[in-house]
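Step one of this worksheet: look at the structure below.
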Amino acid sequence: MFTGALSAIVTPFRDGTIDEKALRDLIEWQISEGIEGIVPCGSTGESATLSHAEHEQVIKIAVEQTRKRVPVVAGTGSNSTAEAIRLTAAAREMGADAALLISPYYNKPTQEGIYKHYKMIAQSVDLPIIIYNIPGRTGSNIAPETMARMCEVRNIVGVKEASGSMDQVSDIHRLCGDRWTILSGDDSATLPLMALGASGVISVITNIMPREMVEMTSAALKQDYARAREIHYRMLPLMRALFIETNPIPIKHAMSLLGKCSPEVRMPLTPMSSVAADKLKGVMKEMGLL
């Protein structure tokens, strides 16, 4: 169910509010391009600055627009276990197919605390759960041994892994094997991680190049690594350019250049600097997107 290229969808804004038409049009285009899942309200979707009502609005729109053609993996994470349970339960009621939950940030829980956080959510809400390990944003790493414990919880089904460590991914796969779905959390690391046993990616670049990422992950799943490498290297300059400033500032700017949504982000994120914007535009021109 969770393989290939899933899109970490942006939340389009216009004049400070959610641009529902732009979001619906984006989801529809993504599906027409072959995307294999929609992930609303993640880091790329600026979940940290969405109100609870907006959070639920975005998930509801995603579920309505996909109409079960592809799975919706709703971002429902929080550093408060009780709040994460409430958001996950709401996503289930709205018809989401799974939930993506970031590891608790700021609190800096122990490995035992991280394990119990996820276990409590999983036991409280009957929905497939994908954990999200991104130490650069949370301040802590989920150890492979902790993930191995989570494998034993029925509805914790996998991890979006963005630690940047190949050794970590190797250890996760060694300890969990086929019981655990590993999805890359970094576009540029997707192919190396798939060679180690990952099943795909929750991707940022898919907001503007969904078909290419679908083709790359499909080739890797078929172990056609020559074809996968060809696509990887073609996309690599843009994968890097989309992170020259904090995500999702660059991807929203890129989407605005393609007429897909406004570049608007919410404070404390700010519009892309002119120097970075020129670099991104140059890469897009070189790739034939502009």
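I'd like the full set of residues that are of a type outside the set (A, V, I, L, M), assigned to a loop (DSSP other than H, G, I, E, B) and in contact with a helix residue (DSSP H, G or I) (Cβ under 6 Å, 6 or more places away or on another chain), limited to region 1-36. Talk me through it step by step, then tell me what you get.
Residues of region 1-36 that are of a type outside the set (A, V, I, L, M), as a first pass: 2-4, 7, 11-17, 19-21, 24-25, 28-30, 32-34, 36.
Checking which are assigned to a loop (DSSP other than H, G, I, E, B) leaves us with 2-3, 11-12, 15-16, 19, 33-34, 36.
Correct list: T11, P12, E33, G34.
Checking the condition closer than 23 Å to Y225 by Cβ and among the aliphatic types (A, V, I, L, M), which residue from I182, I114 passes? So that I can check it myself, show each step before the final result.
Values: I114 fails: closer than 23 Å to Y225 by Cβ.
So the residue among I182, I114 that is closer than 23 Å to Y225 by Cβ and among the aliphatic types (A, V, I, L, M) is I182.
In region 48-107, what residues are outside any loop (DSSP other than H, G, I, E, B), crowded, with 18+ Cβ neighbours inside 10 Å and of a type in the set (G, A, S)?
Within region 48-107, A62, A74, G75, A84, A90, A91, A98, A99 meet the criteria.
Go through the residues of region 234-250 one by one and say whether even a single one is part of a helix (DSSP H, G or I), over 15 Å from M287 (Cα atoms), in contact (Cβ under 8 Å) with a residue 40 or more places away in the chain and of a type in the set (V, I, T).
Filtering region 234-250 down to residues part of a helix (DSSP H, G or I) leaves 234-241, 249-250.
Next, from what is left, pick out any that are over 15 Å from M287 (Cα atoms): 249-250.
Next, only the ones that are in contact (Cβ under 8 Å) with a residue 40 or more places away in the chain stay: none.
No, that holds for no residue.
Got a sec? Which of Q65, Q57 is polar (S, T, N, Q) and under 25 Å from M267 (Cα atoms)? Full working, then the answer.
Values: Q65 fails: under 25 Å from M267 (Cα atoms).
Exactly one of Q65, Q57 is polar (S, T, N, Q) and under 25 Å from M267 (Cα atoms), namely Q57.
When I182 is evaluated against the numbered criteria (1) in contact with a Cys (Cβ under 9 Å, 6 or more places away or on another chain); (2) modelled with pLDDT of 95 or more; (3) surrounded by fewer than 20 Cβ atoms within 10 Å (Cβ to Cβ), which criterion, by number, is the only one it fails?
(3)
Within region 189-206, identify whether any single residue is surrounded by 23 or more Cβ atoms within 10 Å (Cβ to Cβ) and either assigned to a loop (DSSP other than H, G, I, E, B) or free of Cβ contacts under 8 Å to residues at least 12 places away in the same chain (or both), and answer yes or no.
Looking for residues that are surrounded by 23 or more Cβ atoms within 10 Å (Cβ to Cβ) and either assigned to a loop (DSSP other than H, G, I, E, B) or free of Cβ contacts under 8 Å to residues at least 12 places away in the same chain (or both), one finds at least one in region 189-206, hence yes.
The values are calculated or read from the model by the stated rules, or taken from the named source; none is laboratory data. These numbers were taken from a predicted model, which means no experiment stands behind them. Virtual Cβ from ideal backbone geometry, glycine too; neighbours counted across all protein chains shown.
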